[in-house]
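Read-outs: derived from the displayed coordinates by stated rules, not from any lab. All values derive from a computational prediction rather than experimental measurement. We place every Cβ from the backbone using ideal geometry, glycine too, and count neighbours over all the protein chains shown.
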Amino acid sequence: MNSYLDSLNDAQKQAVLQKDGPMIIIAGAGSGKTRVLTYRIAHLMKQGVDSFNILSLTFTNKAAKEMKKRIASVVGDGEAKNLWMGTFHSVFARILRSEADKLGFPSNFTIYDTQDSVRLISAIIKEMGLDKERYKPKQILGRISSFKNSLVTVRAYFNSADMQEADMHASRPKVGEIYKEYVARCFKAGAMDFDDLLLRTNELLARFPETLAKYQNRFRYIMVDEYQDTNHSQYIIVRALADKFGNICVVGDDSQSIYSFRGANIQNILNFQKDYPDVKTFKLEQNYRSTSNIVNAANSIIAKNKTKLDKEVWTENGAGEAINVMRTISDGEEGRFVAQSIWENQMNNQLSLDSFCVLYRTNSQSRAIEDALRKKGIDYKIYGGISFYQRKEIKDILSYLRILINPNDEEALKRIINYPARGIGATTIDKLTIAANHYKKSIFDVLKYIDKIDLKINAGTKNKLQNFMNMMLRLQIESQTKNAFEIAEVVVKEAKFIKDLEKDGTPEAVSKVENIQELLNGIKDFITDKIEQGEDASLTSFLEDVALATDFDSEKKDDEPTVSLMTIHQSKGLEYLYVYVVGLEENLFPSAMSMSTRSELEEERRLFYVALTRAEKAAFLTYAQTRYRWGKLVDAEPSRFLEEIDDQYLHYLTPKAPEPAINRFVDKSIFEDAPKGIRFQKPIQRKKMERDVAQKKEIVVSSNLKKVSLVSPKMNLFDGDIIAGNIVEHNRFGTGTVLGVEGKGPDKKAEIQFATAGKKKLLLQFAKLKVI
Ligand code: ATP
Ligand code: MG
């Protein structure tokens, strides 16, 4: 027997050896679906199937690359190279290139990215004289994209009374016209957007029987990974191609269907069984990836979903450690906990950073994690995205802030002079640049004297420049009296960043708003830290910090091992020894935007299932008690998903429930007889206080009875009383030990060793420490 077959269990082997006919493997996470696909391809080739005759569709190009590598190790490099393997988009773009002329496209057709498409749609809306508020370009593009993914062509749209009515109902009767014009313009420009790559492939296969036959003959064996997340358009392509030989093998897990917002259709699994009545169904039940604690916990979560296919997942792997649950005081502490834990686990177990992964629900959460990793000097890479401070909307805002500090910062100025759009075009900027060079001044200076120099700029544009300049000068004045957070807040408001994005409403725009919000949170966090440490909290100092962060990004080498950071959506199919899932809080995960219907909530739960099942050895679930929102600390509640995991699989690194609220009202009468010199500390319940009083323990009442806290003889309420050895709690850094105290009055500082935040010297008047 071939050695690669020996590395499969019986069920897997059967699936690999099943050569012909339709087959489906529906199985839970980590049960070897992808492994079966990989070895199945290798086996087909070993059996003499020509590598050119095999098509394998994966969810990411990275997955395709990894599969190829594995296959190459069985059949050799040369043969593996010939496999048709990649994402739907990449494979069909390649096919369309060689068939483009049939559809009237040049073979070197352009592929429009989202930005190109939005620009084109904006132009069309403008030319048609439609209201941009009602016809928001990105929303219209989203609508068109959903048409295309369900194979609704322009003609089909105009033949469908229902579709037209839906748009009529949404007060957008012209959607069909825009769609028609958009398609015509793309065609004229020799361009296809992402959705066209699938739609046009469908058109090609439907309209040209000889072309269909050609590809049917070519792709005698077809395989699809992550089948649960294919959309209708992809489903039809696969069905058409497999129609002749019927050698189609799809694998997936309905419990991991997480892309319904992009049109993925879980029904495709059910349809498959209808389309191919002679389908052979395989079940894989043994999980090889994770410890039994992780497998069982994941099972207990997904059991809460009503819509799911029946399947078992079990493992022979040992129990492993329980899933760690960590409550932190703030998102900042959450980040530091993750960084510290990665560092310790890496050191203690002598691991590569590649073994670690941090998963979050929304992109903006990466900020706190990135900041913490960077401060600890741990390299990381954002998978399928870019580092926080490199994101466009963040760079834009930072550019405003940079100009306030240094008006001569030309790059920053050019970036934002027309962003958000205010009708200042490239020609005008060129004229300003030339004038600036001529007078040996900065563009900002030229703008200041725009009235006095003749730049051959028309009155309208001049007016726009002046408005821009006035805004910047106003901001500059404000920046002299406001702190970094306040001024950033004003910039965001004045430049109307959020307003435009909120109107937009697409997932990308929502993510941008979250990023901007997170930037403000970061600045707030930064200045609060600095003030407490008696350090420079100015805008300049913040920008310097960011510049260093950007430098850290550019220093990273591509081939060095790094911690992987990504959204859960990006993590499908991947595995890591250590997985940290952060932000397990209500309204964040499950997301506030996806919990109003059962089906939305079930998709969030599937996301959580995907997240947890990425872990091989250990999983950490973290949540913060408070999180900044628009620069204000707000309370967060632990995610319902934490409650849903059977307790036996969990290990709480912090007590399950937070301490009772500090502001507990206590009846003054209990303390009337209290001896003098009593000191108050943390919250206590009335009963315990009464008991202590009865036992004549040393108890003291604070002057402010309304905010009485737990009484403890050792402790004190007053900053002045903090002494070395005290254990203190800080509202962002968490708990720490006081190492020493120095200075007097307002300058009094305590040096504290925090559990996650390291050693810090804090000014007691700002730090609001609680002794515990
Ligand atoms: P997902 O649903 O997350 O995509 P999957 O079902 O595709 O998971 P794989 O990624 O193929 O699962 O396998 C999970 C892990 O288990 C991989 O590391 C794989 O190499 C290993 N594995 C699978 N089957 C076996 C086996 N029979 N013996 C040893 N290891 C195995
Ligand atoms: Mg897989």
Dipole in debye (nearest 20) - the range 81-200, about Cα centre, beta carbon charges: Lys, Arg +1; Asp, Glu -1: 220 debye
Spin-label point model (7 Å from Cα, Cβ direction): what's the residue 437 to residue 46 distance in nm? 6.6 nm
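Name the shape class, rounded, prolate or oblate, that the alpha-carbon gyration tensor gives for the chain, where a ≥ b ≥ c are the square roots of its eigenvalues, rounded holds for a/c under 1.5, and otherwise prolate holds if a/b is larger than b/c and oblate otherwise.
On the way: a/c = 2.16, a/b = 1.27, b/c = 1.70.
In terms of gyration-tensor shape, oblate.
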Order of 84, 314 - criterion: other Cβ atoms within 10 Å of each residue's Cβ, fewest first: 314, 84
Computed over the range 412-480, Kirkwood Rh from alpha-carbon pairs, angstrom: 12.3 Å
The pairs in 441/482; 274/306; 69/180; 65/617; 395/770; 138/452 lying past 32 Å Cα-Cα in this model are 69/180; 395/770; 138/452
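Just the ratio, please: alpha-carbon radius of gyration of the range 388-548 over 2.2 N^0.38 Å, N its number of residues.
Relative to the rule-of-thumb radius for its length, the range 388-548 sits at 1.10.
May I ask you to derive the FRET efficiency for residue 474 and residue 108 from their Cβ-Cβ distance with R0 = 45 Å, giving the value to the nearest 0.05?
The pair residue 474/residue 108 has a calculated efficiency of 0.35.
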How far, in nm, would the chain grow between residue 171 and residue 348 when pulled straight, counting 0.36 nm per residue and subtracting the alpha carbon separation? 57.6 nm
Can you give the angle from 0 to 90° between the axis of helix 137-149 and the longest principal axis of the chain, with both taken from C-alpha atoms, to the nearest 10? 40 degrees
So the FRET efficiency between residue 751 and residue 321, C-beta based with R0 = 35 Å and rounded to 0.05, is 0.55
Does the range 110-189 classify as rounded, prolate or oblate by the C-alpha gyration tensor (a ≥ b ≥ c root eigenvalues; a/c under 1.5 gives rounded; else a/b over b/c gives prolate, otherwise oblate)? oblate
As a footprinting exposure proxy, order 215, 235 by other Cβ within 10 Å, with the fewest listed first. 215, 235
If r is the Cβ-Cβ distance from residue 278 to residue 9 and R0 is 25 Å, what FRET efficiency results, to the nearest 0.05? 0.50
Among 249, 357, what is the fewest-to-most ranking by other Cβ atoms within 10 Å? 357, 249
Backbone N within the range 205-232 under 18 Å of label point (7 Å from residue 82 Cα along the Cβ vector): 215-223
Points 7 angstrom from Cα along the Cβ direction at residue 454 and residue 161: gap in nanometres? 6.7 nm
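Using 0.36 nm times the number of residues separating residue 150 and residue 285, minus their current alpha carbon distance, what extension gain do you get?
Length gained, residue 150 through residue 285: 45.3 nm.
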Full-extension gain in nm, residue 560 to residue 115, via 0.36 nm per residue minus C-alpha separation: 157.0 nm
If each part is reduced to its alpha-carbon centroid, the range 395-444 and the range 618-641 end up apart, in Å, by 39 Å
Which value in deg cm²/dmol, rounded to the nearest 500, describes the helix-derived mean residue ellipticity at 222 nm for the chain, given -39,500 (n - 2.57) per DSSP H run of n ≥ 4 and division by the residue count? -14000 deg cm²/dmol
Given charges at beta-carbon only (K, R positive; D, E negative), |dipole| of the chain in Debye: 980 debye
Which of the listed residues, 9, 186, 124, is farthest toward the dipole's positive end in the chain, when Lys, Arg count +1 and Asp, Glu count -1 at the beta-carbon? 124
Once amide hydrogens are built 1.01 Å from N within the peptide plane, the residues lying 5 or more places from residue 625 or on another chain with amide H under 5 Å from its amide H are 328, 329, 330
Using alpha-carbon positions, what is the distance between the centroids of the range 1-77 and the range 337-364, in Å? 31 Å
All lysines inside 17 Å of residue 768 as judged from Cα atoms, apart from same-chain residues fewer than 8 positions distant: 524, 530, 632, 682, 707, 744, 748, 749, 759, 760
Please grab the % of Cα pairs in the range 170-300 that end up more than 21 Å from each other. 57 percent
